[in-house]
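Novice: Below is one structure. I have some questions about it.
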Amino acid sequence: MNSSLIQLLVLAGIAVFLILRLRNVLGTREGYEEPRQEGVTSARRKGPDLEVIEGGPDQDILDHAEEGSVNALALARMKSIDPQFGVSDFLGGARGAYEMILMAFEKGDLAEIKGFLGDEVYESFAQVVEMRADKGLTVESEFIGVREMSLQAAHFDENTKEGEITVRYVGELTHVVRDNGGDIVEGSESQIKRQKDVWTFARAMGSDDPNWQLVATGE
């Protein structure tokens, strides 16, 4: 057997060996397989229907009132009259209003908040401020923050279209009252006072004026 034939047989053996090894590593395809499409296509996955069903649960309300409760129904009526009204948005504004109104009252500067107060609340605040001035008392306060806040009640008047929302606050502040000689007669400069308030805000829903007024206060 000449050398050329021997080389040919050796090469053929190597080729068979490589083919067998490749079959073991890559596997084989059996039966019919659909040809692979070139490129990348968008797969359409059948998922849940995301369409918003009209009249379904309003999470903006349910985050702050129990479904089917008097409060939830009143808030829903407010939103039906004034689509721009949002409960969470209102509470965000009420948090800021609490600090603004409380600090203005503490300092005796009611002019800047008069537009945010109902007549009865303004008169009540003004009487306290006047009494302090008559006694020569001054108040020094620093607002620390709102520790707790929650929607307590909601009411909608179908006749006047006025909405009322009552909010419970637990605020923290330092509070010192000094006499005309500068001596502390109430409070402490270092002690943080925890103050509980229940405030009711009112507004004619759908009106051009977006501001709510503080119409009642309590503890």
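Novice: How much of Glu112 can a 1.4 Å solvent probe reach, expressed as accessible area in Å² and rounded to 10?
Specialist: 110 Å²
Novice: Can you report the principal axis dimensions of the range 147-191 using only the alpha carbons, biggest first, rounded to whole angstrom?
Specialist: On the principal axes, the range 147-191 reaches 54, 24, 9 Å in Cα extent.
Novice: May I pose another question? Can you give the Rg/Rh ratio of the range 90-216, where Rg is from the C-alpha atoms and Rh is the Kirkwood radius? Numbers along the way, then the final one.
Specialist: Details: Rg = 16.1 Å, Rh = 15.8 Å.
That ratio equals 1.02.
Novice: Using alpha carbon centroids, what distance separates the range 191-209 and the range 105-136, in Å?
Specialist: After rounding, the separation between the Cα centres reads 16 Å.
Novice: Let me ask you something else. Just name one of Ala202, Ile192, Ala216: the one whose Cα is farthest towards the positive end of the charge dipole of the range 124-219 (beta-carbon charges, Lys/Arg +1, Asp/Glu -1).
Specialist: Of Ala202, Ile192, Ala216, it is Ile192.
Novice: Please report, to two decimal places, log10 I(q)/I(0) for the range 101-167 at q = 0.24 Å⁻¹ as given by the Debye formula with identical point scatterers on the Cα atoms and no solvent.
Specialist: -1.11
Novice: Okay, moving on. Take the residue pairs Lys114/Lys193; Lys107/Lys196; Lys114/Lys196; Lys135/Lys196 and return only those whose Cα atoms are more than 24 Å apart.
Specialist: Too far apart for the 24 Å limit: Lys114/Lys193; Lys135/Lys196.
The values are calculated or read from the model by the stated rules, or taken from the named source; none is laboratory data. Keep in mind the model is a prediction, meaning the values are calculated, not measured. Virtual Cβ from ideal backbone geometry, glycine too; neighbours counted across all protein chains shown. Accessible surface areas use protein heavy atoms only, side chains included; no ligands, DNA or RNA. Shrake-Rupley method; radii C 1.70, N 1.55, O 1.52, S 1.80 Å.
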